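> Next up is a structure, given as structure tokens.
Every number in this text was worked out from the coordinates using simple rules, so none of it is lab data. Please read all numbers here as calculations on a predicted model, not as lab measurements. FYI the Cβ positions are ideal-geometry reconstructions off the backbone, even for glycines, and counts take in every protein chain you see.
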């Protein structure tokens, strides 16, 4: 079937098998390799994308669901100031994620900060528990997210 | 890319959905799809020749709350239900929904989808049963309400007629003195020996006014005994040891097909719940 959707701010039209996984469509056919297939059961968070603005597991989305959707991958987030804030926050907390889980962590933190400018402990816990990779500790990550929230708030206040 | 011949329909309105469901009675009604995708083998979703996607039907994503009920559209993602907050959703249901999966799953999974899985009772079902929730089932020209506790037949099939679609879930709002939900393992992985437990009680002046206890091992038969619940009503808190052991004896014999670990967990949770009932 032919589907049209918005991928990283650009409209895209592609012929897909409705049963194909979104993570495979992105990686194998569109060359966006930031989302990585991990557990393929929606638990590890390494294939995360933002699907219509919400964090979603790319391995639990069949290609037909992309019809009319807006999808943001780590590649689309990378050039934005939002990404820079998260990056700076992680560096400051010495919590830079490894390459395997980077997409999951950056996108989940981005989704969190979009909905909670000042994240609560519960929302932080929910967000961080969605990415299983233990390349860095929970405490450091939590600190990194708080720094990132702070960087973002200050940038928004400066109007940039 | 050549596909496997699956026709996918995207109705925009409830009317269109019901019409399509009548025209394509064998079609898969696709809501969040997290269970279907989770159970697949290989790198493709296991889809039948026709699929009706609920993603564009806004009528199925509405929420309304009155003094007596909370009504949730069947295709509303779990994430959006959680966003209503603890004060608007019964506490035990809120806890159960948080257990359904990480946020990347909760943004896809829906309440209707969680209820309507043939042969497998997923996390929300025992809690909704205990809360006396009902689902609205609609097909073209007809609608009816069915208790969530009756959606799953003992043989594993769903109590849904041909072309019937779950459109909303109505949850009565009642005050409870204690609402507890616990889950071990996951119903998606039977090898994890899943066990869900939910307990509700209303007490006043150290007297039990109402008590409900349910367990689920992911199988269609729930672990519930209404006789024990009625026996406990009117008893004084703290419960006498004899009352607790009599109740526990009954719960030890409930259900079939449970592993020793599942049964032990359930019985211990019942015991713990009965010991920790609040005075008011």
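> Taking beta carbons within 10 Å but only from partner chains, what does the mean come to for residues A:16-25?
Details: counts 2, 9, 12, 13, 6, 6, 1, 1, 2, 1.
For this peptide, the per-residue mean of nearby foreign Cβ atoms is 5.
> Taking the mean number of other Cβ atoms within 10 Å as a proxy for protection, how do you rank B:96-106, B:55-65 from highest to lowest?
Details: B:96-106: 24.3, B:55-65: 16.5.
Final packing ranking: B:96-106, B:55-65.
> Averaging sequence separations of C-alpha pairs under 8 Å and six or more residues apart, then dividing by the length of the stretch B:152-280, give the relative contact order as a whole percent.
On the way: 194 pairs, mean separation 29.8, N = 129.
Across the stretch B:152-280, relative contact order equals 23 percent.
> Ok, one more. Using 12 Å as the cut-off for backbone N distance, which residues of the stretch B:164-182 belong to the label zone defined by a point 7 Å from the Cα of residue B:206 along Cα→Cβ?
none
> Partner chain Cβ atoms within 10 Å, averaged over the residues of A:114-127 - can you pull that number for me?
1
> Something else about it: What's the long-distance tail for the protein assembly as shown, i.e. % of Cα pairs beyond 34 Å?
Numbers: 35959 of 96580 pairs.
Summing the P(r) of the protein assembly as shown above 34 Å gives 37 percent of all pairs.
> Would you kindly work out the equivalent ellipsoid of the stretch B:61-172 from its C-alpha gyration tensor and give its semi-axes, the square roots of five times the eigenvalues, largest first in whole Å? Could you put the intermediate results ahead of the total?
On the way: eigenvalues 89, 50, 35 Å².
Equivalent ellipsoid semi-axes, largest first: 21, 16, 13 Å.
> In deg cm²/dmol and to the nearest 500, what is the mean residue ellipticity at 222 nm of the protein assembly as shown if only DSSP H runs of at least 4 residues count, each as -39500 (n - 2.57), divided by the residue total?
Working: 15 runs with 140 residues, N = 440.
The per-residue figure over the protein assembly as shown is -9000 deg cm²/dmol.
> Ordered by packing density, taken as the mean number of other Cβ atoms within 10 Å over each peptide's residues, highest first, how do B:160-171, B:252-263 rank?
On the way: B:160-171: 20.3, B:252-263: 14.0.
Final packing ranking: B:160-171, B:252-263.
> Turning to a different aspect of this structure: Among A:110, A:9, which comes first, then next, by fewest other beta-carbon atoms within 10 Å? Walk me through the numbers before you get to the answer.
Numbers: A:110 22, A:9 11.
Least crowded to most crowded, the residues run A:9, A:110.
> Separate question: Angle check, please: helix A:138-158 long axis (alpha carbons) against the longest principal axis of chain A (alpha carbons), in degrees 0 to 90, nearest 10.
90
> In what order do A:98, A:135, B:92, A:59 fall by count of nearby beta-carbon atoms within 10 Å, going from fewest to most?
Values: A:98 11, A:135 15, B:92 22, A:59 27.
Taking fewest neighbouring Cβ atoms as first place, the list is A:98, A:135, B:92, A:59.
> R0 = 25 Å: FRET efficiency of residue A:12 with residue B:43, Cβ-based, nearest 0.05?
Working: r = 21 Å, r/R0 = 0.84.
Computed FRET efficiency for residue A:12 and residue B:43: 0.75.
> A further question on this structure: Mean separation of Cα pairs under 8 Å and 6+ residues apart, divided by the residue count of chain B: what relative contact order is that in percent? Intermediate values should be presented prior to the final figure.
Details: 559 pairs, mean separation 42.3, N = 280.
Relative contact order comes out at 15 percent.
> Can you tell me the orientation of helix B:260-275 relative to chain B, as the angle in degrees between its alpha-carbon axis and the longest Cα principal axis, to the nearest 10?
Taking Cα atoms only, the helix is inclined about 60 degrees.
> When Cβ neighbours within 10 Å are restricted to other protein chains, what is their mean count per residue of peptide B:124-132?
Details: counts 0, 0, 0, 0, 0, 0, 0, 0, 0.
Per residue, the average neighbour count from other chains is 0.
> Give me log10 I(q)/I(0) at q = 0.09, 0.16, 0.18, 0.21 Å⁻¹ for chain A, Debye formula, one equal scatterer per alpha-carbon, no solvent.
The Cα Debye sum returns log10 ratios of -0.28, -0.85, -1.04, -1.31.
> Further question: Cα convex hull of the stretch A:80-157: how many Å³ per residue?
Measuring per residue, one finds 74 Å³ for the Cα hull of the stretch A:80-157.
> So for the stretch B:178-275, Kirkwood radius off the Cα pairs, Stokes-Einstein at 10 °C and 1.306 mPa s: how many µm² s⁻¹? Provide the component values of the computation, followed by the final result.
On the way: Rh = 13.7 Å.
Result for D is 116 µm²/s.
> Right, next: Would you mind computing, in nm to one decimal, how far apart the modelled labels at residue B:240 and residue B:59 are, each placed 7 Å from Cα along Cα→Cβ?
The modelled label-to-label distance comes out at 5.7 nm.
> Here is a follow-up. Neighbouring Cβ atoms within 10 Å as the yardstick, rank B:95, B:196 fewest first. List each step's numbers first, then the result.
Numbers: B:95 19, B:196 30.
Starting with the residue having the fewest Cβ neighbours, the order is B:95, B:196.
> Let me ask you something else. So what is Rg over Rh here for the stretch A:26-97, counting just Cα atoms and using Kirkwood for Rh?
Details: Rg = 13.2 Å, Rh = 13.3 Å.
The Rg/Rh ratio comes out at 1.00.
> What's the FRET efficiency of residue B:7 with residue A:153 using the Cβ-Cβ distance as r and R₀ = 56 Å, to the nearest 0.05? Walk me through the numbers on the way to the answer.
Working: r = 48 Å, r/R0 = 0.86.
Computed FRET efficiency for residue B:7 and residue A:153 comes out at 0.70.
> With angles folded into 0 to 90 degrees, how steeply does helix B:14-23 sit against the dominant principal axis of chain B? Use alpha carbons for both and round to 10.
Taking Cα atoms only, the helix is inclined about 70 degrees.
> Largest first, please: the extent of the C-alpha atoms of the stretch B:1-41 along each principal axis, to the nearest Å.
Sorted largest first, the three principal extents are 34, 25, 18 Å.
> Quick check on the stretch B:1-120: take the gyration tensor over C-alpha atoms, sort the square-rooted eigenvalues as a ≥ b ≥ c, and tell me if it's rounded (a/c under 1.5), prolate or oblate.
Values: a/c = 2.48, a/b = 1.49, b/c = 1.67.
Taking the square roots of the gyration eigenvalues as a ≥ b ≥ c, the stretch B:1-120 is oblate.
> Which whole-number value in Å³ per residue fits the convex hull of the alpha carbons of chain B? Write down the numbers at each step before the final one.
Values: hull volume 37.2 nm³, N = 280.
Normalising the Cα hull of chain B by residue number yields 133 Å³.
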